[in-house]
Amino acid sequence: MYRALRERRDVRIGYLPQLIDDVTLYRLLTAAHQAPSVGFMQPWRFIVIRSEAVRTAVHGIFQRANTEAAARYQGNRKELYSRLNLEGLLEAPQHLCVVCDDESERGHCLGRNSMPETSIYSVVCAIQNLWLAARTEGIGVGWVSILDPLAVKELLRIPPAAQLVAYLCLGYVEGFAEVPDLERYGWEKRAELAPLIRADYFDQSYAHRDVR
Ligand SMILES: Cc1cc2nc3c(=O)[nH]c(=O)nc-3n(C[C@H](O)[C@H](O)[C@H](O)COP(=O)(O)O)c2cc1C
């Protein structure tokens, strides 16, 4: 478990053309389906995408959003952004769109009366389960959020009340990098854990022994 946590990566390049067979895919989705959920609502819905036409259309949606995103940066950061590889949509032979069905009455709203957003948190738990299970199987996952969610919802015929939570590339890969791509390319590096832990109050630091 700890090894999967450490070696999980977001994969944007190096997807192989081989499709994931249905048995393996079902194993990954079962891992997702075992996630905790508010009120036992299990609000996740999975759309498995293998159609080349759909994958190409989503890539087009990415390109438009990415052009807009790139325009927000300036100078060195802009130049660095343009060199980042932020999706493997055409390379990955299958995609997985993960949707939250907020209209489901499962769970009878337990836990959601005060925090309705916990349905989405539940879906994110399912995605993390799938991501770790995929790593264990040697399958790469790449989360693509540089997308106009309305355009994706329209393309995939997702009902207006449902929420697009994640659009994922999924597939066998050439390998898993040791460090996150964003760190390798100098965009951002992993934060130290210690300052993120507080004691009793948010503004009070946690006196800890250095146990690394
Ligand atoms: C909610 C979410 C959205 C993300 N969206 C993107 C994205 O659009 N493009 C991308 O290249 N990576 C995306 N990522 C991956 C992160 O960049 C990645 O998790 C982070 O750099 C750490 O790398 P690692 O996952 O390999 O440890 C996303 C990750 C999360 C959790």
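The values are calculated or read from the model by the stated rules, or taken from the named source; none is laboratory data. Note that this is a predicted model, so its numbers are computed, not measured. Methodologically, a virtual Cβ is constructed for each residue, glycine included, from the backbone with ideal geometry; neighbour enumeration extends over all protein chains shown. Ligands, DNA and RNA are stripped out before the accessible areas are found, and what is left, the full protein with its side chains, is counted by its heavy atoms. Shrake-Rupley method; radii C 1.70, N 1.55, O 1.52, S 1.80 Å.
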Residue satisfying condition, being touching a Gly at 6+ places or on another chain (Cβ under 9 Å), in contact (Cβ under 8 Å) with a residue 12 or more places away in the chain and part of a loop (DSSP other than H, G, I, E, B), within set GLY107, GLY111: GLY111
Residue list for segment 172-199, restricted to those being part of a loop (DSSP other than H, G, I, E, B), under 14 Å from ARG8 (Cβ atoms) and within 12 Å of the ligand (Cβ to nearest atom): PHE176, ALA177, GLU178, VAL179, PRO180, ARG190
Complete set of residues in segment 134-158 that are more than 15 Å from the ligand (Cβ to nearest atom) and touching a Lys or Arg at 6+ places or on another chain (Cβ under 8 Å): GLU137
Criterion: within 13 Å of the ligand (Cβ to nearest atom), closer than 18 Å to MET41 by Cβ and of a type outside the set (A, V, I, L, M) - qualifying residue of CYS169, CYS125: CYS125
ALA207 at pLDDT below 95 and either β-branched (Val, Ile, Thr) or not in a helix (DSSP H, G or I) (or both): yes
Identity of the residue in segment 46-84, part of a strand (DSSP E or B) and among the β-branched types (Val, Ile, Thr), that ends up surrounded by the fewest Cβ atoms within 10 Å (Cβ to Cβ): VAL48
Among residues of segment 160-203, those that are touching a residue at least 40 places away in the same chain (Cβ under 8 Å) and surrounded by 12 or more Cβ atoms within 10 Å (Cβ to Cβ), counted: 19
Test for TYR15: is it open to solvent by less than 90 Å² (accessible area, probe 1.4 Å) and closer than 18 Å to TRP187 by Cβ: no
Residue selected from segment 4-45 under the condition in a helix (DSSP H, G or I) and within 14 Å of the ligand (Cβ to nearest atom), by the criterion farthest from HIS95 (Cα to Cα): ARG6
